[in-house]
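Accompanying notes for the structure given below.
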């Protein structure tokens, strides 16, 4: 292009018709013409260079956009290059981008992050204990119902207050246990958030503290003394079970550990929450009914079984960190079959209670129901491989399912 422009402007200017112009004037005119030509050529060359740089920029940006596109398709990264080109020009992509970068936020990423956070909290809350707490409170609350009209908005409100406050306390107890068992859980339960590193210690402390405060606050606001004392006793025993202070951390001692679980699961849950509905919601006198006594006695067996069985799959970590559970002392096989026999005895007692009922439909349901549950338990126990930690853990979760099923039968005992 430069040669073309020079060729065009190489012709001398046309001679002027005025004869009186001197040779000096002609030379000056020629010099001015050449000056104009040089300025024009320089301008054109600069435009060409800018155009080439722009073309390289657009193509380079497009290529980099494709090559640096994230595998998940969630974001694009533009990488600036400051290497000079062949002509010594700085790449146009250096410095600020010509176009704004795509926003990192997207509804899909936000929803995925929320799902991840919920999953981590779900594991932190130990969901099998949450379900067990909720079902037990519903079940024993229904024992206070004497007629269909008792199931009123007042009853449902009192029930909801009890469930929410108890679940908050439940999360405090299981969360505190994880805070003081991080190293043990790295061996026994590496999937828990604190053991896996998904939660920091500070996050765990914040969660358990917040839920303990919320639990007591709700218990105080309701004004129900049975509910408040249930929360308070659970707090004391749950703290003594886990916290590593002198004379505490009762989980190290098999009898004290079993006693903590028995008192909370078998006594506090049955009596306190029944009294919450009976005396606070219905304003009736406190009484010990036959179904309530049965529920307390049966769940005493069940709570002991849960206290013993939970340590069977955790024997490796307990041995390393000096937790003297019954499993460490007696061995997995002995503790396993002790738990099975205790539960079968409890089902046998339940059969006798059901058979003695004066209500026909209650008699049929409780007798048949406990025969079915006892038979399933025996079959599941016989098929459990005691050399497999996964199989033992699966059987332990099956025990919790039997725990849930029993709370479905308890309101039908009359």
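Observations
- Some residue of the range 153-175 being assigned by TED's automatic domain parsing to the domain that holds residue 224, part of a loop (DSSP other than H, G, I, E, B) and either without any contact (Cβ under 8 Å) to a residue 12 or more places away in the chain or buried (at least 16 other Cβ atoms within 10 Å of the Cβ) (or both): no
- Within the range 356-373, residues that are assigned by TED's automatic domain parsing to the domain that holds residue 409 have Cβ atoms under 7 Å from residues that are outside any helix (DSSP H, G or I) in these pairs: 357/414; 359/414; 362/413; 362/414; 363/357; 366/357; 366/413, counting only partners at least 6 apart in sequence or on another chain.
- Per-region count, the range 396-414, residues farther than 14 Å from residue 344 by Cα and touching a residue at least 24 places away in the same chain (Cβ under 8 Å): 13
- Among the residues of the range 184-205, the ones that are part of a helix (DSSP H, G or I), in contact with a helix residue (DSSP H, G or I) (Cβ under 9 Å, 6 or more places away or on another chain) and within 25 Å of residue 236 (Cβ to Cβ) come to 7 in all.
- Residues satisfying the stated conditions in the range 265-298, i.e. closer than 30 Å to residue 244 by Cα and surrounded by fewer than 22 Cβ atoms within 10 Å (Cβ to Cβ): 267, 268, 271
- Some residue of the range 229-238 being at pLDDT below 95 and more than 28 Å from the chain's Cα centre (by Cα): no
- Scanning the range 385-395 for residues that are part of a helix (DSSP H, G or I), in contact (Cβ under 8 Å) with a residue 40 or more places away in the chain and surrounded by fewer than 17 Cβ atoms within 10 Å (Cβ to Cβ) gives 389, 393.
The values are calculated or read from the model by the stated rules, or taken from the named source; none is laboratory data. Because the structure is predicted, anything quoted here is derived from the model rather than measured. Positions of Cβ are backbone-derived with ideal geometry, glycine not excepted, and every protein chain shown enters the neighbour counts.
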